[in-house]
Every structure is written in structure tokens, then in C-alpha cells.
Amino acid sequence: MEETRLMLAAAALNQTPMDWDGNLQHIKDAITEAIANKTHLLLLPELCITGYGCEDMFLSPWLSEVAFGKLLEIKEWCDNITVAVGLPVFLDRKVYNTACVIKNKEIIGFTAKQFLANDGVHYEPRWFTPWPAEVVQEFQMLGQTYRIGDIIYEEQGVKYAFEICEDAWRPNRPAERHMPKGVQLILNPSASHFALSKTDVRHRLVVEASKKYQCAYMYANLLGNEAGRMIYDGEVLIAQNGKLIRRNELLCFKDVDMECAEVCFSDNPKLEDVIEYLPPIDENKEVMAALSLALFDYMRKSRSRGFVLSLSGGADSSLCAVAVAEMVRRGIESLGAVLFVAKTQMFPLKDVAYFDTLPADRLQKELVGRLLTCAYQGTVNSSGDTYNSAKGLADSIGAKFYDWTIDEEVRGYVAKIEDVLERPLTWERDDLTLQNIQARVRAPGIWMLANINNALLMATSNRSEGSVGYTTMDGDTAGGISPIAGIDKAFIRQLLVWVQLELGYEGLQYVNKLQPSAELRPSDEAQTDEKDLMPYEVLNQIERLAFHDRFAPHEVYNILLEQQVASPNLLQAWVTKFYTLWSRNQWKRERLAPSFHLDDYNIDPRSWLRFPILNGGFREELSRIQQ
């Protein structure tokens with residue numbers, strides 16, 4: 001074939017479900033930028049008109065009707081450019097996930113997704129119907145007739161077609177059928193959620209497809225915390241014939257992040273500006289980038305004015321505090337001071353201008369002070385080490401810091417119950433009650449600060465604690481967002497060391513020297529989390545084998561025994577304790593504040609792992625590992 005050169009562009013968009021004004025503005029900005037770059041063909045992410053995370057609202061016919069009306073607005077912006085934009089289409093009482101192709105203000109057709117994601121965090125078959133391969137039909141909308149289905153399009157003689165997100169992850173993917181028909185370009189609009197190291201898998205998928213099918217392949221993902229739990233890294237990839245041509249910086253704070261490339265289509269295309277090397281993935285860097293962006297989007301999209309945190313001086317609350325500081329640092333780096341401050345929607349215009357006058361170190365601390373309020377709530381069981389850890393960290397990052405004691409409130413509740421029971425409460429008889437009241441008494445005061453500030457209260461539970469219910473309901477679980485509930489404790493501990501050494505948060509030096517402890521028992525007992533439970537590394541191994549790898553209890557025991565993790569008796573006790581605590585604490589997991597999906601699995605029943613609240617407690621299964 002004769003040589004044809006197309007300027008291709010793909011844009012990541014930070015969308016919000018049913019935020020029509022915001023979503024359309026980002027789409028318009030992307031089209032405007034693409035036109036300025038003399039782009040022939042622009043690819044936008046999956047379902048970007050409505051947002052991907054509309055959930056059961058997709059089942060309401062009116063949502064698709066509104067989206068179609070917005071599509072007709074978008075069409076008029078596409079002057080002398082071809083744009084692929086995602087939206088749901090409601091036909092014959094069924095909803096289809098489609099990519100619409102607009103060329104020079106004319107709708108050319110709709111390609112409907114053929115394979116629906118139905119594993120892990122995905123529930124697409126609840127809302128959408130898969131489109132059958134090779135089928136193309138017509139439908140009418142607002143007096144016009146349109147084509148929908150497995151369509152092959154053409155741009156200046158170059159044939160192109162779609163794989164919509166999950167379509168590309170299946171063995172019998174659409175590309176297998178497209179290539180014999182002369183397709184030279186595959187477009188993939190996606191809403192592919194963030195998980196540690198997933199970008200490496202996604203990158204290989206795109207590059208290897210371009211090699212296998214000897215084509216160009218363009219990919220555009222959503223960006224940011226779209227609907228509350230899922231984070232999207234905004235990856236944009238352009239590849240051809242097994243070579244990567246363009247890739248963007250992931251997890252940025254922009255609303256629109258675009259990459260453009262002129263791509264040659266011929267029998268022997270000339271490849272220019274090939275990216276030969278990608279740095280290895282650092283999961284610590286990845287999780288901090290995802291966590292900080294997720295917090296920023298959750299804060300501004302919920303119209304909250306910063307964060308409030310009960311800073312205990314322990315690892316979990318320290319990570320929450322540093323994540324806010326890192327949110328500020330990365331946000332300024334990505335957007336600049338003025339745009340970052342403006343996007344928070346917290347400050348009048350004169351204050352926005354003021355922040356632009358500050359030197360970098362002062363700017364960082366002053367913004368953290370405006371966005372994060374911390375309180376250390378001590379008891380007679382608290383140590384000087386944890387107070388110094390909390391205050392040292394807060395001071396080092398510039399957070400507002402208060403401290404008070406809750407002993408008076410604890411004594412009041414204990415005395416009240418002792419009075420009605422007509423007996424004293426003792427550690428020997430009432431251990432759990434006396435621990436929990438301390439954690440619960442901390443909730444009202446910190447909630448008051450959150451209310452006064454119109455801020456988000458951060459709950460500090462991690463995934464390991466959530467697995468075994470090692471958390472006080474309505475105490476340390478209190479909050480509007482639980483940002484680290486998707487990360488295990490062992491990962492958190494090494495992450496904090498990395499954050500101190502690599503990102504320079506020296507205020508973490510105190511917590512990194514401490515052994516994790518709830519500090520709810522008298523200090524002479526030297527309470528630690530691992531003494532109460534088991535080593536966190538073992539707990540995490542059991543959890544992953546049980547619920548990610550889906551082994552039975554006796555299989556989990558045998559695998560760990562073969563790995564010589566511990567003696568048979570000790571290992572039996574740990575496995576039994578894990579499953580016993582897991583099965584009795586599902587009700588707690590149901591009540592945790594919304595959490596971010598950060599790993600390749602999580603224990604949030606609203607996003608990844610459902611489990612019955614009432615259950616048999618694995619009694620029969622655990623009997624198989626009795627010694």
C-alpha cells in the first residue's frame with residue numbers, strides 16, 4: 001500500500017460519574033488540544049461521557065438518553081477531526097457499552113463492547129449486554145439512523161477497529177477477526193483500574209498485540225479516582241509492530257493528559273522515536289502516587305475542605321498523614337501551585353495568588369497545614385514514644401497538630417457501667433471491653449474537628465487488621481474514607497522506611513523505630529499487634545492463599561508447613577485463629593469506610609471479596625488440620 005501518515009492522539013481524562021459539565025469540559029479540552037496538534041484521529045477513554053462508575057444508574061434508560069444528548073453537543077466540536085468517545089447506548093431494553101466515532105461533526109457509527117469484565121472488582125454483566133461478533137445493525141435515535149456493532153472504520157485509507165478494554169484481555173479477542181480484513185490500527189478505549197505492577201502487564205498486552213497483528217495500537221485509560229474506590233492511572237500507549245512509540249507519565253493530577261504521535265502506515269512503515277527502555281516498576285513509588293492522587297480527587301469531588309486525622313504515632317496513621325503531604329507535593333509538581341490550589345476549591349482568589357508568592361519549602365508546609373489537621377489522643381496506656389512520633393511527624397510536614405487526653409471520658413463511661421452492673425470492671429474479666437472503650441472514646445472529638453472543618457475524617461485501618469477484625473468498630477474505624485484499608489501491614493511498614501529514605505520524610509524516623517501496638521492495655525503488659533495476633537508476614541500469607549489463590553484451610557496449612565514457616569503446632573494455631581477471626585468479623589468489613597483498591601485484590605465486600613456475615617466459621621474445614 002502507499003504510505004499514509006496519520007497524526008494520532010490518545011488522552012486520559014479525569015472524569016466523575018454523571019458530572020455532565022465537568023466531563024464534557026474535559027472532552028472539549030482534549031478535542032481542542034488535539035485539533036491544535038493537527039490530529040487526524042483522537043481516542044478518548046471508555047464511557048467517558050457518563051463516567052465508568054455509574055453502577056446501577058446504567059440500568060436507568062434516562063442516563064443513556066442524557067448521554068446521547070451530550071454526544072450531539074460533542075459532535076459539533078469535532079471540526080475536521082475524527083474522535084472516538086465512549087457512552088452507554090440503551091436499545092431494546094438492553095444497555096451496551098459503546099465507542100462512538102465522530103468524523104468532522106458527523107456520527108459514523110458505534111462499536112459495542114463484546115467481552116464484559118466480570119472478575120475481581122468488575123460487575124459489568126449486571127449492567128451491560130455483550131455485543132455478538134460480526135454483527136452490525138441500525139438503530140434510530142431522535143429521528144436519525146445510526147450503525148452499531150462490530151464495525152470497521154476508515155481514516156484516509158487506513159482501516160481501523162476497536163477493542164474496548166476487556167475485549168483485549170480475551171484469547172478470542174476482536175483483533176483476531178479484524179486483521180484478515182486489512183485493519184491496520186486498533187483503538188482501545190479503557191477504564192482499567194489501578195493495581196500494583198498492572199501497568200507492566202498492560203504495556204506488554206498493547207506492544208505484543210501490535211507485533212502479533214503487525215498493526216498500530218492506541219490505548220487510552222481513565223485517570224484518577226473516578227467514583228470513590230477505583231483509581232485509574234491514566235495510561236496512554238501508542239505502539240506499532242512490536243515497538244512502543246509513546247507512553248505518558250502515570251497518575252498525574254491533570255484533568256486531560258494527552259500523547260500525540262505521527263504514525264506511518266505502509267507495507268514497511270518507518271518507526272520513529274521508539275521508546276527502547278522503560279524503567280522497572282517500583283511498587284512503593286506506585287502506591288504513593290496512586291494514594292496521593294486518590295486522596296486529592298476524593299477530597300475535591302466530595303467537596304470536602306481537607307482532612308482530619310487521629311494521629312496515634314503508629315504506622316497506619318503516619319502513612320495517612322504522609323499521603324496527604326505527598327498529595328500536596330505531587331500536586332504542585334504536576335499542576336503548579338496556582339492550579340493545584342484552585343482545584344482544591346477551598347480558597348478565595350486572593351489566597352490562590354498568595355500561594356504563588358511562597359518559596360517551595362514554605363509553600364509545601366503551609367498547604368499541608370491548611371489541608372491536614374491531626375490530633376494525638378492519649379491515655380494512661382499511651383507512651384511518650386508514640387506522642388513524640390505523632391508530634392515529630394506532624395511538625396515535620398507542617399500539619400496542624402493538637403493533643404489531649406481522653407482518660408476522663410474513659411473513666412466516666414467505665415464508672416457508669418460499673419454502677420449499673422454493681423461490680424468493678426477489671427482487666428482479668430473485661431479485657432476487650434476496657435480496650436475498646438478507649439478507642440471508641442477517641443471518635444467523638446475527632447469527628448467534631450472534621451465537622452467544624454467540613455473536612456474528611458480519615459480512618460486508619462489496614463487490610464491485615466480488616467481480615468481478622470483487629471479494629472474497634474466506631475473507634476479507629478470511624479471516618480469518611482479509609483485510604484489504606486487495601487494495603488497489608490507488612491507492606492506498610494517497609495513502605496514507611498522507603499518514604500523516609502527515598503522521599504525525604506524525615507519525620508518518619510520515630511515511627512519506623514517502633515513496634516506496632518494498639519496501646520490499649522496497661523503499659524507493663526508491653527502489648528504489640530503481633531503478640532495479639534501472629535507475625536504480620538504470616539497473616540498476609542494466609543490471607544492471600546485463602547482469598548486470592550482460593551485454597552481450602554487445610555491446603556493453606558500444608559503449603560505453609562512445606563515452606564517451614566513455623567512448627568506444626570504453632571502454624572495450626574495461627575491458621576485456626578485467622579479463619580476463626582475472619583469468619584466472625586465480616587460484619588466489621590461491611591461497615592468500614594470506603595477504601596481504595598491498590599493491590600491485585602482486597603477484602604472490601606463492595607469491590608472485590610464478598611463473604612456471608614453469618615457462616616459456619618470453617619469448623620469442619622479447620623478440623624482437618626488438627627494435630
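Remarks
- Using the average count of surrounding beta-carbon atoms within 10 Å as a protection proxy, the listed peptides 560-569, 432-441 rank, highest first, as 432-441, 560-569.
- 1.4 Å probe accessible area per residue over the stretch 465-561, in Å²: 38
- Taking every DSSP beta bridge that has both ends in the chain, the antiparallel portion is near 60%.
- Distance between modelled label sites at Arg606 and Glu333, nm, 7 Å Cα→Cβ extension: 3.0
- Across the stretch 408-510, C-alpha contacts under 8 Å between residues 6 or more apart give a mean separation that, scaled by the residue count, equals a relative contact order of 21 percent.
- Annotation for the stretch 452-466 versus the stretch 90-105: alpha-carbon center distance of 40 Å.
- A Förster distance of 25 Å, applied to the separation of the beta-carbon atoms of Leu142 and Lys94, puts the FRET efficiency at 0.85.
- For Val207, neighbours were defined as the other residues whose beta-carbon sits under 13 Å from its Cβ, and their charges (Lys and Arg +1, Asp and Glu -1) total +3.
- Computed over the stretch 264-361, the alpha-carbon pair-distance distribution with 10 angstrom bins reads 13, 33, 26, 14, 10, 4, 0, each value a whole percent.
- The local environment of Ile164, defined by Cβ-Cβ distances under 11 Å, has a net charge of -3 under the rule Lys, Arg +1 and Asp, Glu -1.
- Highest-first arrangement of 589-595, 322-328, where packing means the average Cβ count within 10 Å: 322-328, 589-595
- For the listed peptides 399-410, 272-283, 185-196, 208-219, a ranking on the average number of other beta carbons within 10 Å per residue, highest first, reads 185-196, 208-219, 399-410, 272-283.
- If you take the Cα centroid of the stretch 600-625 and the Cα centroid of the stretch 198-212, the two points sit 34 Å apart.
- The residues of the stretch 339-453 have, on average, 55 Å² of accessible surface per residue, using a 1.4 Å probe with all protein chains present.
- Listed by chain and number, the aspartates and glutamates whose alpha-carbon sits under 18 Å from that of Lys301, ignoring those within fewer than 8 places in the same chain, are Asp19, Asp21, Glu55, Glu226, Asp233, Asp255.
- Kirkwood Rh in Å, taken over the stretch 162-203 so that all alpha-carbon pairs contribute: 11.4
- Set Lys105/Lys270; Lys113/Lys211; Lys159/Lys270; Lys198/Lys513 screened for pairs whose C-alpha atoms are more than 28 Å apart: Lys105/Lys270; Lys198/Lys513
- Cut-off 14 Å between beta-carbons: net charge of the residues surrounding Arg544, Lys and Arg +1, Asp and Glu -1: -4
- Solvent-accessible surface ranking, highest first, for Arg246, Arg584 at 1.4 angstrom: Arg584, Arg246
- Accessible carbon and sulfur surface of the chain relative to its total accessible area, %, 1.4 Å: 50
- D by Stokes-Einstein for the stretch 73-120, Kirkwood Rh over Cα pairs, 10 °C, 1.306 mPa s: 134 µm²/s.
- Debye equation applied to the C-alpha atoms of the stretch 231-298, log10 I(q)/I(0) at 0.14, 0.17, 0.27 Å⁻¹: -0.55, -0.73, -1.22
- Per the Kirkwood formula applied to alpha carbons, the stretch 432-530 shows a radius of gyration over Rh ratio, Rg over Rh, of 0.99.
- Whichever aspartates and glutamates have a C-alpha closer than 13 Å to that of Lys365, once near sequence neighbours (fewer than 8 apart) are set aside: Glu326, Asp395
- The stretch 305-371 and the stretch 213-243: distance between their alpha carbon centers, rounded to Å: 29
The values are calculated or read from the model by the stated rules, or taken from the named source; none is laboratory data. Small disclaimer: the values here were computed from a predicted structure and weren't measured. Heads up, the Cβs are rebuilt from the backbone with ideal geometry, glycines too, and the neighbour counts pull from every protein chain shown. Accessible surface areas use protein heavy atoms only, side chains included; no ligands, DNA or RNA. Shrake-Rupley method; radii C 1.70, N 1.55, O 1.52, S 1.80 Å.
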